[in-house]
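J.: Please see the structure below; I have some questions.
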Amino acid sequence: MTNIKKLLTIGVCTASAALASGVGMAQESGWDTAGFVENATFYRDGRGLSKSRNTAQFEFSKDFGKRMGMNNFRLSGTLRATYDAVYDLNEDEFGKKAGGPRSFENFGSTTAQALFGGDGSSPWGFSILGNGGAAAGNPIPPGFLFDVGSNPNDGLAVLGEEFHDPRGGVTIGVPLRPCDTDSRGCGLEDYMDWDLNELRFPDFNDHLDFIRELYIEGSVATGDTSELFLRIGKQQVVWGRTDLFRVLDIINPVDFARHNIYDELEDIRIPQWIASAEFRWGAVGAFDDLNLQFVWNFDEFRPNNLGQGGSPYSILDAGSFFRAMNNCWENGCTVSNFVPAAAIGLDDPGLIAADFAPNVIGIRQVDLPEWKLSNTQGGVKLEGVYKDVGFSLNYYHFFQQLPVLRGDIESVNAFTGEVADWDHLIAFDINFPEVDLLGGSLDLYVDSLKSVVRVEAAYTQGEEFANTLEADLYSDSDVFRWVLGVDRNTFIPFLNKKRAFLISGQIFGEHLLDHELEQAALGPVGIPNWKDNYIATLLIKGWYKSDTISPQVIMAWDYEAGAGTIAPSVDWLINDNWRLIAGFNIKVGDGMGDQEFDDCRACNPFPPFTATPAHADPFQSGSVGLGGIEPLGRFRSGPLGSASEEDEFQVTLRYRF
C-alpha cells in the first residue's frame, strides 16, 4: 500500500504541474499561498521541558477554472515539518538518557524486607520468585527467570510512577529510551516502535505525514441549481459539530502523542487518502438545503497514535503499558506484588514480586489490518437544513481506532513449561475490530436562549473492551455516545462593557450497553470502563484592544474519574504577522489514585499452581477480584485523570507569512 500512496502522491503532483503549465505563465500569480513558522515551548512541573516543538507549515491552492469536465477545478495542499527538540534538550527525561535502575514492591513482605532492606523492594530481575530466589539456592520454576544481562536494570521507569504509588498493586518496568537506543518493548512492528528521529521529526515517516493535505476537487452541474462535488487525495473529512471529544468525527484517526487531547483537532487528525462525492441539491421541497455525501477511505488503516513509552505525551499512559508488556513477552520482566508469599510456602503475610520468563505474559504482536479492497473504510452522510435547523444522518464502517488486547494466545506455563492457550492469562495480541456507526446531529439557534445548540449522537456495534470475566479477557459491547453543546455571546459588564464574551459549554456522554461487572470475593471483576460516564467542558473567551488580545479559560471535568483540567491562556495578535499565546494547563481532582480495578493476577491461569484460597475450585481459572491501579485503572481514570501529574506552563510564538 505504501507504493500505491507514493504513486498517488506523484500522480496528484504531476497532474497539478501539467494543469499549471497548461494555463500559462500569466496565471502563475493566481496561486494562493500562506504559511507560518512556530515554536511551542511547554514546561512541566517536576519534569522540566516537556515540549520544544518547532513547526513550519506551507499552504497552497489554485483554481484552474474548468478542467477535466469539471467546474472550479482546484488543487490544494498543506505541507508541515515538525522538529521537537525536547528529546535533545531534556534527554534525561525523554531522550537517550531517560530512566534508570528500578526496584519493585513486595507489599508487606517480611521476607523481602529482610533480604533487600528498606521498604523491601527488590531490584529488577532479582525478585524472590525469580533470579533473587534462585541466587539464594531456592528451586525456581523455569517460567520465573529471565536474563538480566540482555534485559538490564537500566533505562527503566516503574509503570505509573509519575501518577501513583504501587500500593500493593501490580507494576512493570517500562523501557523509556528511543527504540534505536534501547529496543526493548519495541517489537510491535509499525506500532509504537519509533526511533529518536521519528520522535523528533514525527511528520517524516513511511506514511508521508508531512503532507497534511494534497487533493484535487471540482464540481459537475447536474441541474439548474444542483451539482456533484468531487474531492480525492490526502485530506481530513470532518463530520462532527463539536470539539475535544469526538462522536461523529471519526473518519480520520488522531495523533494524541502531539499533546494528549488538548491540541486543535485540525492539527492532530491524521490525514488519509480519501475520495468523496457530494450531491448538492440546494433547496428541495421543505428543505432549505440538502446534500448527500459518500466517503471512501481507501488508505491503509491507521490507528490513533497513543504515544510511546518514554515520550512526553501518552494518552492514558497506554504507550508505557504496551511497551512494558511487549518487553515482558520478548525478554521477560519483573512484576511487583504478583504472588502472595504464603502461596510459595513462605511464612510471610505479604505479596512478592515475580521475574517472568519470556513468552509467559505480555503482548506478543499487533495485528494491523492489511491493506486490501475489503479492508477499506467508508460511509454516507445526509446533511441539510430544515426550517433553520441544520441536521445530518451518518453511517460509517471502520476499524476501531483504539487498540484492544485479546487473550487466548499460545504461551508458556510458568510452572510446567507447557505451551498452550491458557484461560485468563495476561498474554495478548493487539487487534482492531470492525465497527459500524449510525448517528446524527442537529445545529439550531434557540432565540429564547439567544444561543446556538449543538447535538451529536452515535450508536456503534463491534467495539471491544477489556473484560476480566471472559476467558480471553475481552468482550464487545454496543456503545451509545452523545454530545450536547451550547454557545452564547454574553456581556460581562465588570470585565468588558463593549464586547461580548463567548461562553461555550458541552457535556459528553458514553454508555456501554453490554457492560459486565460483578462482585467477586476480593473485588469487582468485568469491564473496567464505566458503564455510564459524563465529561463536561466550559470555554469562556473574551476580546480586548480591537480584538488583538483574547484571554480565555477552558475547563473540563470527568465525573466518574473525579478529575479535570483548568487551562487559562492569553492570545495576543501582536500584528498581522506575529502571534503570542501564553497559558497554563493545570490538573485538578483525584487523578489515578483511587481508580483500582481487577488486575487479573488472581485469575488462576495455571491451575492449580496459581489458585488462591478464594478460588472455590483450584482447578478452575477465573478472577476473584484482587486489584490495583495498574493496569486497568487507566480506563477508569480517562485522559484527564491519567494525566494528573502533567501541570504545564505553555508559550507559543507564531509568525505567519
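J.: Of the residues G223, G240, which is in a loop (DSSP other than H, G, I, E, B), under 21 Å from F508 (Cβ atoms) and not aliphatic (A, V, I, L, M)? Spell out how you get there, then give the answer.
T.: Working: G223 fails: under 21 Å from F508 (Cβ atoms).
Of the residues listed, the single one that is in a loop (DSSP other than H, G, I, E, B), under 21 Å from F508 (Cβ atoms) and not aliphatic (A, V, I, L, M) is G240.
J.: Then there is this: Identify the single condition in (1) buried (at least 19 other Cβ atoms within 10 Å of the Cβ); (2) outside any strand (DSSP E or B); (3) within 21 Å of the chain's Cα centre (by Cα) that E645 does not satisfy, given that it satisfies every other one.
T.: For E645, the failing item is (1).
J.: While we're looking at this one, here's another question. For the subset of the stretch 243-268 comprising residues that are among the aliphatic types (A, V, I, L, M) and in a loop (DSSP other than H, G, I, E, B), which member is surrounded by the most Cβ atoms within 10 Å (Cβ to Cβ)?
T.: Going through the stretch 243-268, the residues among the aliphatic types (A, V, I, L, M) turn out to be 244, 247-248, 250-251, 254, 257, 261, 265, 268.
From what's left, in a loop (DSSP other than H, G, I, E, B): 244, 247-248, 250-251, 257.
Details: L244: 18, V247: 23, L248: 23, I250: 23, I251: 25, A257: 22.
Of everything passing the filter in the stretch 243-268, I251 is surrounded by the most Cβ atoms within 10 Å (Cβ to Cβ).
J.: Further, regarding this structure: Looking at S61, is it surrounded by fewer than 20 Cβ atoms within 10 Å (Cβ to Cβ), small (G, A, S) and within 36 Å of the chain's Cα centre (by Cα)? Outline the logic, then answer.
T.: On the way: surrounded by fewer than 20 Cβ atoms within 10 Å (Cβ to Cβ): yes; small (G, A, S): yes; within 36 Å of the chain's Cα centre (by Cα): yes.
So S61 fits the description; yes.
J.: Scan V295, V335 and give me the residue that is outside the structural domain of F126 (by TED's automatic domain parsing), at pLDDT 95 or above and in a strand (DSSP E or B). So that I can check it myself, show each step before the final result.
T.: Details: V335 fails: outside the structural domain of F126 (by TED's automatic domain parsing).
Selected residue: V295, the only one of V295, V335 that is outside the structural domain of F126 (by TED's automatic domain parsing), at pLDDT 95 or above and in a strand (DSSP E or B).
J.: Which residues, counting only those in the stretch 130-161, are part of a loop (DSSP other than H, G, I, E, B), crowded, with 18+ Cβ neighbours inside 10 Å and at negative phi? So that I can check it myself, show each step before the final result.
T.: Here is the first cut: in the stretch 130-161, the ones part of a loop (DSSP other than H, G, I, E, B) are 130, 136-141, 145-155, 159-161.
Now narrow it down to the ones that are crowded, with 18+ Cβ neighbours inside 10 Å: 130, 140, 145-146, 148, 151, 155, 159-160.
Matches in the stretch 130-161: I140, L145, F146, V148, N151, L159.
J.: Is at least one residue of the stretch 303-321 at negative phi, surrounded by fewer than 24 Cβ atoms within 10 Å (Cβ to Cβ) and more than 20 Å from the chain's Cα centre (by Cα)?
T.: No.
J.: Go through the residues of the stretch 74-97 one by one and say whether even a single one is farther than 30 Å from N337 by Cα, touching a strand residue (DSSP E or B) at 6+ places or on another chain (Cβ under 9 Å) and in a loop (DSSP other than H, G, I, E, B).
T.: Yes, the stretch 74-97 contains at least one residue that is farther than 30 Å from N337 by Cα, touching a strand residue (DSSP E or B) at 6+ places or on another chain (Cβ under 9 Å) and in a loop (DSSP other than H, G, I, E, B).
J.: Any idea which residue in the stretch 436-449 is surrounded by the most Cβ atoms within 10 Å (Cβ to Cβ), counting only those that are under 14 Å from R481 (Cα atoms) and not small (G, A, S)?
T.: First, the residues of the stretch 436-449 that are under 14 Å from R481 (Cα atoms): 436-441.
Imposing the further condition that a residue be not small (G, A, S) reduces the set to 436-438.
Values: D436: 15, L437: 22, L438: 14.
Looking at residues that are under 14 Å from R481 (Cα atoms) and not small (G, A, S), I get L437.
J.: Which ones in the stretch 576-616 are among the acidic types (D, E) and either within 30 Å of I140 (Cβ to Cβ) or modelled with pLDDT of 90 or more (or both)? Break it down stepwise before answering.
T.: Taking the stretch 576-616 and keeping what is among the acidic types (D, E), we get 576, 590, 594, 596, 598-599.
Within the stretch 576-616, D576, E596, D598, D599 meet the criteria.
J.: Give all pairs with beta carbons closer than 8 Å in which a residue from the stretch 457-468 that is at positive phi meets a residue that is outside any strand (DSSP E or B) and at pLDDT 95 or above; count only pairs at least 6 apart in sequence or on separate chains.
T.: Partner pairs satisfying both residue conditions: G462/Q400; G462/P433.
J.: Please go through the stretch 429-455 and give me each residue that is acidic (D, E), part of a strand (DSSP E or B) and more than 30 Å from F321 (Cβ to Cβ), ordered by number. Let's see the steps before the verdict.
T.: Of all residues in the stretch 429-455, those acidic (D, E) come to 429, 434, 436, 443, 447.
From the residues that got through so far, the ones that are part of a strand (DSSP E or B) too are 429, 434, 436, 443.
Listed by number, the list holds a single entry, D443.
J.: Answer yes or no as to whether L188 is surrounded by 16 or more Cβ atoms within 10 Å (Cβ to Cβ), touching a residue at least 24 places away in the same chain (Cβ under 8 Å) and touching a Ser or Thr at 6+ places or on another chain (Cβ under 8 Å).
T.: Numbers: surrounded by 16 or more Cβ atoms within 10 Å (Cβ to Cβ): yes; touching a residue at least 24 places away in the same chain (Cβ under 8 Å): yes; touching a Ser or Thr at 6+ places or on another chain (Cβ under 8 Å): no.
The answer is no for L188.
J.: Looking at (1) buried (at least 22 other Cβ atoms within 10 Å of the Cβ); (2) of a type outside the set (F, W, Y); (3) part of a helix (DSSP H, G or I), which is the only condition A342 fails?
T.: If we test A342 against (1) buried (at least 22 other Cβ atoms within 10 Å of the Cβ); (2) of a type outside the set (F, W, Y); (3) part of a helix (DSSP H, G or I), just (1) comes out false.
J.: Could we say that G641 is closer than 21 Å to G523 by Cα and assigned by TED's automatic domain parsing to the domain that holds D408 here?
T.: Judged against the criteria, G641 is not a match.
J.: Please find, among F204, F210, F256, F287, the residue that is over 30 Å from N39 (Cβ atoms) and out of contact with any His (no Cβ under 7 Å at 6 or more places or on another chain). Step through it out loud before you land on a result.
T.: Numbers: F204 fails: over 30 Å from N39 (Cβ atoms); F210 fails: over 30 Å from N39 (Cβ atoms); F256 fails: over 30 Å from N39 (Cβ atoms).
F287 is the lone residue from the list that is over 30 Å from N39 (Cβ atoms) and out of contact with any His (no Cβ under 7 Å at 6 or more places or on another chain).
J.: Exactly one condition in (1) of a type in the set (S, T, Y); (2) in contact with a Phe, Trp or Tyr (Cβ under 9 Å, 6 or more places away or on another chain); (3) surrounded by fewer than 16 Cβ atoms within 10 Å (Cβ to Cβ); (4) in a strand (DSSP E or B) is false for T416; which is it?
T.: Unmet for T416, out of (1) of a type in the set (S, T, Y); (2) in contact with a Phe, Trp or Tyr (Cβ under 9 Å, 6 or more places away or on another chain); (3) surrounded by fewer than 16 Cβ atoms within 10 Å (Cβ to Cβ); (4) in a strand (DSSP E or B): (4).
J.: Being of a type outside the set (F, W, Y), part of a strand (DSSP E or B) and under 21 Å from L626 (Cα atoms): is that true of S411 here? Give the steps one after another, and end with the answer.
T.: Values: of a type outside the set (F, W, Y): yes; part of a strand (DSSP E or B): yes; under 21 Å from L626 (Cα atoms): no.
In short, no.
J.: Let me ask something additional. Of the numbered conditions (1) in the same structural domain as P403 (by TED's automatic domain parsing); (2) among the hydrophobic types (A, V, I, L, M, F, W, C); (3) over 25 Å from N54 (Cβ atoms), C186 satisfies every one except a single condition; which is it?
T.: Answer for C186: the failing condition is (1).
J.: Taking interchain pairs and intrachain pairs at least six residues apart, which have beta carbon atoms under 7 angstrom, with the first residue in the stretch 379-390 and assigned by TED's automatic domain parsing to the domain that holds L444 and the second part of a loop (DSSP other than H, G, I, E, B) and crowded, with 19+ Cβ neighbours inside 10 Å?
T.: If the second residue must be part of a loop (DSSP other than H, G, I, E, B) and crowded, with 19+ Cβ neighbours inside 10 Å, the pairs left are K381/W239.
J.: Residue by residue through the stretch 456-496, note down the ones that are outside any strand (DSSP E or B) and among the hydroxyl-bearing types (S, T, Y). Break it down stepwise before answering.
T.: Of all residues in the stretch 456-496, those outside any strand (DSSP E or B) come to 467-473, 493-495.
Answer for the stretch 456-496, where residues must be outside any strand (DSSP E or B) and among the hydroxyl-bearing types (S, T, Y): just T468.
J.: Which one of the conditions (1) in contact (Cβ under 8 Å) with a residue 40 or more places away in the chain; (2) touching a Gly at 6+ places or on another chain (Cβ under 6 Å) does V435 fail to meet, given that it meets all the rest?
T.: (1)
The values are calculated or read from the model by the stated rules, or taken from the named source; none is laboratory data. Please read all numbers here as calculations on a predicted model, not as lab measurements. Backbone-built Cβ (ideal geometry, glycine too); neighbour counts: all protein chains shown.
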